[in-house]
1. Return the pairs, sorted by first residue and then second, in which the second residue is surrounded by 13 or more Cβ atoms within 10 Å (Cβ to Cβ) and among the hydroxyl-bearing types (Ser, Thr, Tyr), the first residue lies in the stretch 29-40 and is closer than 15 Å to residue 82 by Cβ, the beta carbons are less than 7 Å apart, and the residues are 6+ apart or on different chains.
2. Against the condition at pLDDT below 95, outside the structural domain of residue 89 (by TED's automatic domain parsing), over 18 Å from the mean Cα position of the chain (by Cα) and at negative phi, how does residue 170 come out, does it pass?
3. Quick check on residue 144: is it within 24 Å of residue 61 (Cβ to Cβ), modelled with pLDDT of 90 or more and either part of a helix (DSSP H, G or I) or acidic (Asp, Glu) (or both)?
Amino acid sequence: MFISIKLPGVMFTCSATNQKPAAFLQLIEQCKKGHSKSQKRIYNMFYGKMLSLCRRYAAFEAEARQLLQAGFLEVLQNPDRLRQGRAESIVRDIFIEIILRHYVSQGFSVSPAPATEVARLVPQQLSPPTPSSHESMLEALRSLPPLERLVYNLHIIDELPLSFISRHTQLDSPAIERLLQRARHHLGNFWGETGGDSAAG
């Protein structure tokens, strides 16, 4: 039986590579048996990075915590997936699956601006400045409409190809490109309105 795990007060890290040490494989086996301490260890290994990922995609902190718990529920109920490659990458992929499901379940409508409007708003080559702090980036991302935040995270930050985004969102590549351009425009406006100090460092 899966146990409910409270968020820990400390963060643990691990080196999870393609070559799985015997101890890690044993940890996976213990998770399959519902061993609570082993589940907690895997949770702690990836907690910090996955919380950061969830916060980028979520509109507010409570939503990020919901995504975090849903992601770890999926990981700990299917620990054999951690054998399939670099464990950290597998965990990230599982969390992105959960996030995509969440967006679909929210029923966000797709209404990207026409290409002519996007061209008027922002040049194709324009990229927003990069803020110097993680919290500044979070604030900027949360200022975006949901679909813009989703595609910007998937393609620009997590470097997933347009084909992946199209397959999982049922948006075609031109629609995704328009959403990305709108996101860049909104982020540029956001950093301009906040004085640009975060972006300038």
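The values are calculated or read from the model by the stated rules, or taken from the named source; none is laboratory data. The structure presented is a predicted model; accordingly, all values stated were derived computationally and were not measured. Neighbour counts run over all protein chains shown; Cβ positions are idealised from the backbone, glycine included.
1. Listed by first residue and then by second, the contacts come to 30/38; 31/38.
2. no
3. For residue 144, the condition - within 24 Å of residue 61 (Cβ to Cβ), modelled with pLDDT of 90 or more and either part of a helix (DSSP H, G or I) or acidic (Asp, Glu) (or both) - is not met.
Matching residues to (1) crowded, with 17+ Cβ neighbours inside 10 Å; (2) modelled with pLDDT under 90; (3) over 30 Å from residue 32 (Cβ atoms):
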site: 78; (1), (2), (3): no, no, no
site: 92; (1), (2), (3): yes, no, no
site: 102; (1), (2), (3): yes, no, no
site: 105; (1), (2), (3): no, yes, no
site: 113; (1), (2), (3): no, yes, yes
site: 138; (1), (2), (3): yes, no, yes
